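The block underneath contains the structure these notes are about, expressed in structure tokens.
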Amino acid sequence: MATRLARLACCLCMMAASPAIACSVVVQWRLPFDPGTTETSARHVAELASWLGEAARGRLRFDAVLVEGFAPATAHNARDLADRRARKVRRMVRAFTGSALPVEIHASVVPGSSPDGSDDAVIQLAPSATTAAAGCPGPN
């Protein structure tokens, strides 16, 4: 169960602003890559398909998807590698969601030699502005 929860990072961020409270929901999935590659395992593809299916069946509605491909600065052609990862994951997302949601991509090179988060892609679902998060006040 803890592993499943670690895979799905649903962060409810609440910030006080003057007399109002603003709420936003971030739903993300991390897809790891082996260093220097754009290859994904069958297990990761199946998990991504399952996660996207669960998101589609959930209470939240989504307007868009953002895919960010990462590569460490030490990788050969790091910017290109990050871009190829983002493009590959966009194709995967579209395969599972069709053309119902626009998918935007970004490529990022991670400076330094940090092993965490430098050989992966992150898929972020952007909730509809009309979707209220649990505990958030509805529109006035």
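Since every read-out is calculated from the coordinates, none of them should be taken as a lab result. What you see is a predicted model, and the numbers here were worked out from it, not measured in a lab. Counting neighbours? That spans all protein chains shown, and the Cβs are built from the backbone with ideal geometry, glycine included.
With the contact rule set at Cα under 8 Å and sequence spacing of 6 or more, what percent relative contact order holds for region 44-107? Show your work: numbers first, answer last.
Working: 63 pairs, mean separation 26.8, N = 64.
The value is 42 percent.
Annotation for region 26-112: trypsin sites (Lys or Arg not before Pro) lying in DSSP loop with at most 14 further Cβ atoms inside 10 Å of their Cβ are ARG59, ARG61. Annotation: amide H-H contacts under 5 Å for PHE62 (H modelled 1.01 Å from N, sequence separation of 5 or more, or interchain): SER128. Here the spin labels are modelled as points 7 Å beyond Cα on the Cα-Cβ line, and at SER128 and LEU101 they lie 1.3 nm apart.
If I take R0 = 41 Å and measure r between the Cβ atoms of ALA42 and THR74 in this structure, what FRET efficiency does the formula 1/(1 + (r/R0)^6) give, to the nearest 0.05? Let's see the in-between values first.
Values: r = 28 Å, r/R0 = 0.68.
The calculated FRET efficiency here is 0.90.
With both labels modelled 7 Å from their Cα along Cα-to-Cβ, the ARG91 to ALA56 distance reads 2.0 nm.
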